[in-house]
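Undergrad: Please read through the structure below; I'll follow up with questions.
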Amino acid sequence: MKGRIIGISGPTVTVDIPDLKLYDRVRLGLERLQGEVVHLSSGRAMVQVYEDTRGLALGEPAEGMGRPLSAQLGPGLLTGIFDGLQRPLSRMAAVHGPFIRPGKLLSPLAMDQSWQFTPAPQIGDTVTAGEVLGTISEGSHQHPVHAAAAGTLTMIASGLVVLKEPIALLAGDIKLYAHEEWPIRQPRPYRQKLAPTAPLITGQRIIDFLFPLAKGGTAILPGGFGTGKTILEQAIAKFADVDVVVYAGCGERGNEMAEMLEEFGELADPWSGQRLMDRTILVANTSNMPVAAREASIYTAVTMAEYYRDMGCHVLLLADSISRWAEALREISSAMEEMPGEEGYPTYLASRLAGFFSRAGVVETMNGRIGSLSIILSVSPPGGDFTEPATQACLRTSGAFLMLDTALAHRRHFPAINWFQSFSLYDADMGSYFEKEVSPAWNRNRRKCQALLQRDEKLREVAAIVGADGLQDSDHLLLAVAERIRQDFLCQNSYSADAFSTPELTAEKINTIISWGEAAEKRLTDGEELADILSKDKP
Ligand SMILES: Nc1ncnc2c1ncn2[C@@H]1O[C@H](COP(=O)(O)OP(=O)(O)OP(=O)(O)O)[C@@H](O)[C@H]1O
Ligand SMILES: [Mg+2]
């Protein structure tokens, strides 16, 4: 399938290759840039190019690859750092130098690395397509190797294997490999979706206690400039109680990703004690990388996440930030001269986002295991305006909304999650879980805490009008308790030992503050002086 370039408009290129299909991969020009078909009309196709199109000229050759943009899946993805097209950045740097040169490709998985393979069937056995040929161990993960075709086994490897060699042969010299390719825009199949029942513990007290997340659930972290989105996403990536974390740096600063890579190489996972990087996959499409690849990067990331989910793992996908992804979509859509919707975003922005969110969930996998994929996205609305289309589209489909507040960030109250505006649809189910598994007082203290924070807000409004002297002693006491909750419980400095709090510690901490408040209230009604109560026995 060969043809020529007949039009170029920014990151989109028109080609005259016949027989292309939507989302087919295309290589363009003398440098063989990578692209994907996004629009078809008779005799011509529009291609979204993932690399810089500068220098590309009309009449240069174009070739359809006959298959859609796919991710390579197999052992060795963990600890990897990839770009939006799943090019392995560290190995690319070793082979091609520190800059990604146009058209350069390298297999995402290290094809020469040896892995331990334990075969299931024997030579002479008949296997069906999709049947498990055996497993490869990657740390504590067992990768099932599926047969891509049916037939009679004439060879099956055992012990140390490398991915570039066939792992088995079928009669007729059909080669079977231990890795597979999966089209990134197509969700991987599962038997059935189940309701989320277990919490996704983040180690952030305000989230776990007030706005709990669920394994298999979705959440967004919208916040204006400098409100702590990146720090919070990275804190969750460090502390979440999951087996695998896929972190997509989408159009944000490159140095933040570099620091994260360095830090994750040294820190230990608080749950397993292993190196954090050993459970992490990074997808970097930072602000200095081509825009169109940023659009693909979240799909590359979610496909790798689904692959580990299918092994029965609990996987967390974080992306920072989805607004930069939406901007990439807008740029491509306008280059294609599509009819713009609200604020220039394409009219399908909301349905694309909903489709992406729907890849989260708890599932029974095709081989009967239970795995989960949770998605947390940060949103950076321009000017902190939450009514803009990308934030609104996310809001409609996500299960939790953790709003980062500029005023709190200015006061250095971090994480700057606003406790009045945020919500979690998982709170009732997860509250029952924590009440049963962690502390019987969990829900009672939660209600009490919410009531105190609400009353605190009202009293501070009143005090601002009538002055603090106009308040009663009981009001002053409530303000003191609420302040303890805000300062000692809701604030959590990411650069201190307090950065991570287990649910047990969270329950204990809030219980200490609330019990102190209740005891102090009683002493006040018993006639003790407020000043005495406040100066003594503070928790
Ligand atoms: N949990 C935290 N503990 C301590 N400091 C924090 C915390 N969260 C954020 N900060 C402070 O706020 C600053 C900005 O945070 P961050 O870079 O995460 O914001 P952002 O919302 O990602 O910003 P941008 O919109 O520019 O991407 C950090 O450099 C840090 O000083
Ligand atoms: Mg940021």
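The values are calculated or read from the model by the stated rules, or taken from the named source; none is laboratory data. These numbers were taken from a predicted model, which means no experiment stands behind them. Heads up, the Cβs are rebuilt from the backbone with ideal geometry, glycines too, and the neighbour counts pull from every protein chain shown.
Undergrad: What are the residues in region 301-345 that are within 11 Å of the chain's Cα centre (by Cα), in a strand (DSSP E or B) and more than 16 Å from ligand 2 (Cβ to nearest atom), if any?
TA: Of everything in region 301-345, those that are within 11 Å of the chain's Cα centre (by Cα), in a strand (DSSP E or B) and more than 16 Å from ligand 2 (Cβ to nearest atom) turn out to be V315, L316, L317.
Undergrad: Right, something else. Test P144 against the stated conditions and say whether it is surrounded by fewer than 22 Cβ atoms within 10 Å (Cβ to Cβ), touching a Leu at 6+ places or on another chain (Cβ under 9 Å) and part of a loop (DSSP other than H, G, I, E, B).
TA: The answer is no for P144.
Undergrad: What do you reckon, is N511 in contact (Cβ under 8 Å) with a residue 60 or more places away in the chain, more than 16 Å from ligand 1 (Cβ to nearest atom), more than 21 Å from A400 (Cβ to Cβ) and not assigned by TED's automatic domain parsing to the domain that holds Q204?
TA: Spelling it out, N511 is indeed in contact (Cβ under 8 Å) with a residue 60 or more places away in the chain, more than 16 Å from ligand 1 (Cβ to nearest atom), more than 21 Å from A400 (Cβ to Cβ) and not assigned by TED's automatic domain parsing to the domain that holds Q204.
Undergrad: Every residue in region 210-238 that is surrounded by 24 or more Cβ atoms within 10 Å (Cβ to Cβ) and more than 16 Å from ligand 2 (Cβ to nearest atom), please.
TA: P212, L213, A214, K215, G216, G217, T218, A219
Undergrad: If you take the residues of region 360-392 that are under 17 Å from the mean Cα position of the chain (by Cα) and not in a strand (DSSP E or B), which of them is surrounded by the fewest Cβ atoms within 10 Å (Cβ to Cβ)?
TA: Selected residue: T391.
Residues are listed down the side, and each one gets a yes or a no for (1) more than 16 Å from ligand 2 (Cβ to nearest atom); (2) assigned by TED's automatic domain parsing to the domain that holds Q204; (3) at pLDDT below 95:
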{"residue": "N367", "(1), (2), (3)": "yes, yes, yes"}
{"residue": "S372", "(1), (2), (3)": "yes, yes, no"}
{"residue": "P381", "(1), (2), (3)": "no, yes, yes"}
{"residue": "D385", "(1), (2), (3)": "yes, yes, yes"}
{"residue": "A393", "(1), (2), (3)": "yes, yes, yes"}
{"residue": "L404", "(1), (2), (3)": "no, yes, no"}
{"residue": "I417", "(1), (2), (3)": "no, yes, no"}
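Undergrad: While we're looking at this one, here's another question. Evaluate region 150-165: report whether one residue or more is among the acidic types (D, E) and surrounded by 13 or more Cβ atoms within 10 Å (Cβ to Cβ).
TA: Checking region 150-165: not a single residue is among the acidic types (D, E) and surrounded by 13 or more Cβ atoms within 10 Å (Cβ to Cβ).
Undergrad: If a residue counts only when it is under 18 Å from E338 (Cβ atoms) and modelled with pLDDT under 95, which strands (runs of 3 or more DSSP E) contained entirely in region 20-77 have at least 2 such residues?
TA: 33-41, 44-49
Undergrad: Answer yes or no: is there a residue in region 246-263 that is more than 16 Å from ligand 1 (Cβ to nearest atom), modelled with pLDDT of 95 or more and not charged (D, E, K, R).
TA: Yes, because at least one residue in region 246-263 is more than 16 Å from ligand 1 (Cβ to nearest atom), modelled with pLDDT of 95 or more and not charged (D, E, K, R).
Undergrad: Please go through region 426-441 and pick out each residue that is surrounded by fewer than 18 Cβ atoms within 10 Å (Cβ to Cβ) and either under 20 Å from the mean Cα position of the chain (by Cα) or assigned to a loop (DSSP other than H, G, I, E, B) (or both).
TA: Within region 426-441, P440, A441 qualify.
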